[in-house]
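Let me begin by presenting the structure, written as structure tokens, before commenting on it.
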């Protein structure tokens, strides 16, 4: 078995090495008219929720929520997230109730069969800024702003060899937040000479699907006022909203990692016991 | 080997009462306690047990997931997210199930490679091997349809691409595709029938597993030497010896499984599958799950027409052929020696085959262009060449190393060889 594993590892590594050259060749592209996106890979940031003991920073999530509410939610829905889950950000039940009441959602038909709006309650989800996808597209030059509920898990830049192997050991799962942060801070760079930017789009070398996107730079320094004294800079905003979106996409992350630690401890101890039992049972049999 | 008489003796009254009416305890005792297994099995032989447990795990998590899942194009995506967010431990069930599929395939590939290495498919175990290939096929169908159920972008477009393969066949192709889809494109009927079949097939797998284990218990297990069991000293009782060894391998495997579930739950998945299916937006690269990538690479390697067969049909035939060829492996291998341990050339080409399979997997994840296509073609040629040319040829021209007389002799020789001169090891009772 040891031989088989060693053989497997050697075989895998050999082929991977042989092909990393081909991979690099593929990555090389014309600076003015690139064919592979994103043009630049996102930087890896330090996130509190990374690694085996990762946890969300509630203060940061609250700041992120403020950014979502004041900036992003003008165009981006977050359909899958109910107000009640905001208690996980450290708010009290009353605070969540008050927060929800700031939104209006369509009520069930009344006795006359009319649908009127009512104040949202904690059981409601964040309402969409547009009544339907067509309205969203019409208001945004044909591009529907994506829903934000899962965006932090639905975007990740391909890691490539050998990083994707190293990720198994470093437990890198933060491609989504890294990407969002890179995108938000990546506006304002000047495109390389000779590059044609389509009308109504904005160059961003970190955009995953093309050289430019329909959204203009959404966040600027000083745009959102923080109550906790954190720096009101684009870099800080971008980190906070990315962390918040990671929470929105994976609300049970902390519970998952905590459970995982207990499971791992159990399994390792159990493996030890079974191994001792195995040694004992096989002690008098040559094999 | 096990066809002989039973060593089960009912002791208590109730055991005797049951044994006279339905000897199920006797069957269990003879199959999983007294059943003799070769004493020299290594941990590569633990994967059969691991696979049985993975099947159980997938069925258990799957049954609970099905209680919360809605097979409707308008509801499927949100119902899965509801499981992830609102169902008690739903995130755990769902990650266990999705990562469990990957672990299932990891284990089955090791299991198959082990069979190829030690020649487990050779007579008299041909049917055992063929049943295993049938299980692999059923697993592939189950996994493919399961991947469609969350109704993400990769679900939808993967289903579109894979069902599209069938249109490559002349005349019968289009009707087959329409039967699979329940219409002309992937839509609600497709999702419904895939859900139904995804629930059905695992139980068919379980049925074939019973036959697989039955066939195994008739012929007995192979072992790293490839020599058949000759005497009682060659074997040990399944319980406690194999049970505890398999249990240790199983716990180690579960550590790996848990590591992915709790720390890297989305590592094996594709980010696009967290975007709801949209029939108007095609993803930049449509890639299947990692366990299908080698076959996907072979499909795309055929970029040329061969006579009346166009490149599309050629690719599909190659892809189906890459599994179909496994059915005749027992008759392709002409070697008189079973295990690669005693076959230096086969051993070398076997490891090249493994490396080639990994390379094809990586190529399957790359876009089909330039050098990648060329490498895929080379890899495909080796994949088939290994079975069609090397297997028959090596058996005829290779000079195998000297085989020990028995399993016991091999075991004792191995344990004595550290320090003491070899060759004095044979156990006296196995001579002659």
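Computed from the coordinates by the stated procedures, all read-outs in this text should not be read as laboratory data. Because the structure is a prediction, the values reported are computed rather than measured. All Cβ positions, glycine included, derive from the backbone under ideal geometry; neighbour counts span all protein chains shown.
Subtracting the Cα-Cα distance from 0.36 nm times the residue separation, let me have the gained length for residue A:105 to residue A:124 in nm, one decimal. All intermediate terms of the calculation are to be shown ahead of the outcome.
Working: separation 19, 0.36 × 19 = 6.84 nm, distance 0.81 nm.
Extra length available between residue A:105 and residue A:124 comes to 6.0 nm.
Sort B:331, B:157 by Cβ crowding within 10 Å, fewest neighbours at the top. Don't skip to the answer; put the middle values down first.
Working: B:331 13, B:157 22.
With the fewest neighbours first, B:331, B:157 line up as B:331, B:157.
On full extension of the chain, what length is gained from residue B:374 through residue B:123, given 0.36 nm per residue of separation minus the C-alpha to C-alpha distance?
Values: separation 251, 0.36 × 251 = 90.36 nm, distance 3.72 nm.
Result for the pair: 86.6 nm of gain on full extension.
Using only Cα atoms, tell me the angle between helix B:153-164 and the longest principal axis of chain B; keep it within 0 to 90° and round to the nearest 10.
Between helix and principal axis, roughly 80 degrees.
Where does each of A:84, A:63 land when they are ranked from fewest to most other beta-carbon atoms within 10 angstrom?
Details: A:84 16, A:63 25.
Going from sparsest to densest Cβ surroundings: A:84, A:63.
Assuming a ≥ b ≥ c are the square roots of the Cα gyration tensor eigenvalues, decide whether chain B counts as rounded (a/c under 1.5), prolate (otherwise, with a/b larger than b/c) or oblate.
oblate
Which FRET efficiency value, to the nearest 0.05, do you get for residue B:331 and residue B:218 by plugging their Cβ-Cβ distance into 1/(1 + (r/R0)^6) with R0 = 25 Å?
That gives a FRET efficiency of 0.80.
Kindly identify the stretch A:156-231 as rounded, prolate or oblate by the Cα gyration tensor criterion: order the square roots of the eigenvalues as a ≥ b ≥ c, call it rounded if a/c is under 1.5, otherwise compare a/b with b/c, prolate if a/b is larger, else oblate.
On the way: a/c = 2.94, a/b = 1.14, b/c = 2.58.
In terms of gyration-tensor shape, oblate.
Helix B:370-385 versus the longest principal axis of chain B: what is the Cα-based angle in degrees, 0 to 90, to the nearest 10?
Taking Cα atoms only, the helix is inclined about 40 degrees.
Please compute, for peptide A:272-284, the average count of beta-carbon atoms on other protein chains lying within 10 Å of each residue's beta-carbon.
Working: counts 2, 2, 9, 6, 1, 5, 9, 2, 2, 7, 6, 0, 0.
Taking the mean over all residues of the peptide, I get 4.
Taking a ≥ b ≥ c as the square roots of the Cα gyration tensor eigenvalues, with a/c under 1.5 meaning rounded and otherwise prolate when a/b beats b/c, else oblate, which class fits chain A?
Oblate shape, in that a/c is at least 1.5 and b/c is the bigger or equal ratio.
List B:282, A:201 from most exposed to least, where exposure is judged by having the fewest other Cβ atoms within 10 Å.
On the way: B:282 12, A:201 17.
Arranged by neighbour count, lowest to highest, B:282, A:201 become B:282, A:201.
Say we join alpha carbon atoms closer than 10 Å with springs in a Gaussian network model of chain A; which of A:227, A:167, A:178 then has the biggest fluctuation?
A:227
In percent, how large is the relative contact order of chain A, given Cα pairs closer than 8 Å and 6 or more residues apart?
Working: 346 pairs, mean separation 70.7, N = 287.
Worked out over chain A, it gives 25 percent.
Before anything else, pin down the relative contact order of the stretch B:234-370: Cα pairs under 8 Å, at least 6 apart, normalised by residue count, whole percent.
Once normalised by length, the contact order is 29 percent.
Taking chain B as a Gaussian network, Cα atoms linked when under 10 Å apart, which of B:185, B:76, B:284 shows the biggest mean-square fluctuation?
Fluctuation is largest for B:284.
If I model a spin label as a point 7 Å beyond the Cα along the Cα-Cβ vector, how far apart are those points for residue B:34 and residue B:232 in nm?
Reported label-point gap for residue B:34 and residue B:232 is 1.2 nm.
Could you list the square roots of 5 times each eigenvalue of the Cα gyration tensor of the protein assembly as shown, that is, the equivalent ellipsoid semi-axes, sorted largest first and rounded to whole Å?
Numbers: eigenvalues 535, 189, 133 Å².
Semi-axes, largest first: 52, 31, 26 Å.
Just from its helices, what would the mean residue ellipticity at 222 nm be for chain B, if runs of 4 or more DSSP H residues each count -39500 (n - 2.57) and the sum is divided by every residue, rounded to the nearest 500 deg cm²/dmol? The partial results should precede the final answer.
Values: 17 runs with 259 residues, N = 432.
Dividing the helical sum by the residues of chain B leaves -19500 deg cm²/dmol.
For the pair residue B:345 and residue A:269, how long in nm is the line joining their label points, each one 7 Å along Cα→Cβ?
Spacing of the two 7 Å Cα→Cβ label points: 5.5 nm.
FRET efficiency for residue B:53 and residue A:233, Cβ-Cβ distance as r, R0 = 60 Å, nearest 0.05? Write down the numbers at each step before the final one.
Details: r = 52 Å, r/R0 = 0.87.
Once the sixth-power term is evaluated, E becomes 0.70.
Extending each Cα 7 Å along its Cβ direction at residue B:27 and residue B:141, get the distance between those two points in nm, one decimal.
Computed distance between label sites residue B:27 and residue B:141 equals 2.5 nm.
Suppose only helical runs count, i.e. DSSP H with n ≥ 4. What mean residue ellipticity at 222 nm does that imply for chain A under -39500 (n - 2.57) per run, divided by all residues and rounded to the nearest 500 deg cm²/dmol?
Values: 9 runs with 124 residues, N = 287.
Value at 222 nm, helices only: -14000 deg cm²/dmol.
The stretch B:1-41 to the stretch B:165-239: how many Å between their Cα centroids?
28 Å
For helix B:90-117, what angle does its Cα long axis make with the longest principal axis of chain B, in degrees from 0 to 90 and rounded to 10?
So the helix axis and the longest Cα principal axis differ by about 50 degrees.
Could you give the spread of the C-alpha atoms of the stretch B:272-386 along their three principal axes, from largest to smallest, in whole angstroms?
The Cα atoms of the stretch B:272-386 stretch 57, 37, 27 Å along the principal axes, largest first.
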